[in-house]
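Working notes for the structure below.
The values are calculated or read from the model by the stated rules, or taken from the named source; none is laboratory data. These numbers were taken from a predicted model, which means no experiment stands behind them. Counting neighbours? That spans all protein chains shown, and the Cβs are built from the backbone with ideal geometry, glycine included.
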């Protein structure tokens with residue numbers, strides 16, 4: 001048994017197939033199969049059901065995944081001891097799509113330039129799914145919309161506050177938020193997301209009933225549709241996003257409930273908490289608009 005075999009097993013669980021695991025690890029499909037077969041022969045148990053297409057991990061295989069993750073974390077901690085005060089090893093990070101452009105890139109660029117021995121894997125998904133992945137140990141941390149109630153066993157580090165605002169194209173008539181919502185079709189940001197659900201609650205509390213037209217799962221797409229004059233929407237003012245040449249009209253919503261907050265969630269007493277703390281510091285700086293220096297950007301390229 002070796003560490004690479006265990007990491008391959010974890011990759012299969014996270015990626016969903018031998019092929020995807022191989023792509024994530026830079027291995028061929030046959031190399032993944034050979035590693036799994038060697039691990040099965042040594043343990044004397046079947047770890048994957050190859051009669052299915054694609055093959056799936058058996059119950060024993062899934063039980064071994066969590067142990068393999070723990071071993072991987074221990075090895076990362078051992079490697080970090082030799083990093084001469086820097087951060088080393090790996091960090092599995094989940095990120096909601098709305099934060100992939102702002103504020104994640106400058107934060108990662110600065111962190112990895114300062115700590116070149118640190119490898120960060122990023123996985124995108126919905127806040128709820130990422131929170132469950134953190135609880136299950138599939139992710140070390142996740143940058144998500146702050147939940148109304150934090151799931152048991154998780155701790156949160158606040159990153160930024162993003163006021164909700166109504167957006168409309170310049171040619172749309174109406175000076176007040178309520179007038180615009182009543183007059184034009186409404187483009188929802190996906191209500192499968194925690195942010196979308198918050199927007200729906202905020203409008204309901206104010207007695208605003210939009211004329212539903214579309215529902216999409218990307219804020220950039222929402223803004224593009226509004227810019228094209230297809231409707232109005234309510235979105236968060238994303239932290240760290242560049243301001244300037246924006247043709248959209250933006251009307252703020254008042255009230256404490258009309259603020260989308262981003263936070264980093266992690267398991268309580270997490271062994272990689274010091275790495276998460278360093279990442280959190282850079283995310284806060286990026287969200288506040290502190291640009292990464294050119295040397296950091298080039299070092300992470």
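Scanning the range 202-217 for residues that are closer than 24 Å to residue 96 by Cα and either crowded, with 16+ Cβ neighbours inside 10 Å or under 19 Å from the mean Cα position of the chain (by Cα) (or both) yields 202, 203, 216, 217.
Could you tell me which residue of the range 37-48 is farthest from the chain's Cα centre (by Cα), considering only residues that are surrounded by 16 or more Cβ atoms within 10 Å (Cβ to Cβ) and not in a loop (DSSP other than H, G, I, E, B)? Going through the qualifying residues, I end up with 40. Would it be correct to say that residue 171 is surrounded by fewer than 18 Cβ atoms within 10 Å (Cβ to Cβ) and over 30 Å from residue 229 (Cβ atoms)? Criteria not met by residue 171. Looking only at residues of the range 49-63 that are assigned to a helix (DSSP H, G or I) and without any contact (Cβ under 8 Å) to a residue 24 or more places away in the chain, we find that the one that is farthest from residue 6 (Cα to Cα) is 59.
Looking at the structure I just gave you, is residue 109 outside the structural domain of residue 236 (by TED's automatic domain parsing) and either closer than 28 Å to residue 189 by Cβ or in a strand (DSSP E or B) (or both)? Spelling it out, residue 109 is indeed outside the structural domain of residue 236 (by TED's automatic domain parsing) and either closer than 28 Å to residue 189 by Cβ or in a strand (DSSP E or B) (or both). Among the residues of the range 187-201, are any surrounded by 15 or more Cβ atoms within 10 Å (Cβ to Cβ) and over 30 Å from residue 288 (Cα atoms)? Within the range 187-201 (the criterion being surrounded by 15 or more Cβ atoms within 10 Å (Cβ to Cβ) and over 30 Å from residue 288 (Cα atoms)), the answer is no, since none of the residues qualifies. Residues in the range 279-301 that are crowded, with 19+ Cβ neighbours inside 10 Å and modelled with pLDDT of 85 or more: 279, 280, 282, 283, 284, 286, 287. Of the residues that make up the range 259-267, is at least one in contact with a helix residue (DSSP H, G or I) (Cβ under 7 Å, 6 or more places away or on another chain), outside any strand (DSSP E or B) and modelled with pLDDT under 95? No. Taking the numbered list (1) surrounded by 15 or more Cβ atoms within 10 Å (Cβ to Cβ); (2) at pLDDT below 90 in turn, residue 70 passes all entries but (1). Given the condition surrounded by 17 or more Cβ atoms within 10 Å (Cβ to Cβ), over 24 Å from residue 141 (Cβ atoms), free of Cβ contacts under 8 Å to residues at least 12 places away in the same chain and touching a strand residue (DSSP E or B) at 6+ places or on another chain (Cβ under 9 Å), answer yes or no: does some residue in the range 2-24 qualify? Within the range 2-24 (the criterion being surrounded by 17 or more Cβ atoms within 10 Å (Cβ to Cβ), over 24 Å from residue 141 (Cβ atoms), free of Cβ contacts under 8 Å to residues at least 12 places away in the same chain and touching a strand residue (DSSP E or B) at 6+ places or on another chain (Cβ under 9 Å)), the answer is no, since none of the residues qualifies. In this structure, residue 34 does not satisfy being farther than 30 Å from residue 220 by Cα, part of a loop (DSSP other than H, G, I, E, B) and modelled with pLDDT of 90 or more.
When the range 1-21 is filtered for residues that are more than 17 Å from residue 67 (Cα to Cα) and under 22 Å from the mean Cα position of the chain (by Cα), the ones remaining, listed by number, are 15, 16, 17, 20, 21. With respect to (1) over 30 Å from residue 216 (Cβ atoms); (2) surrounded by fewer than 16 Cβ atoms within 10 Å (Cβ to Cβ); (3) at pLDDT 90 or above, the lone exception for residue 100 is condition (1).
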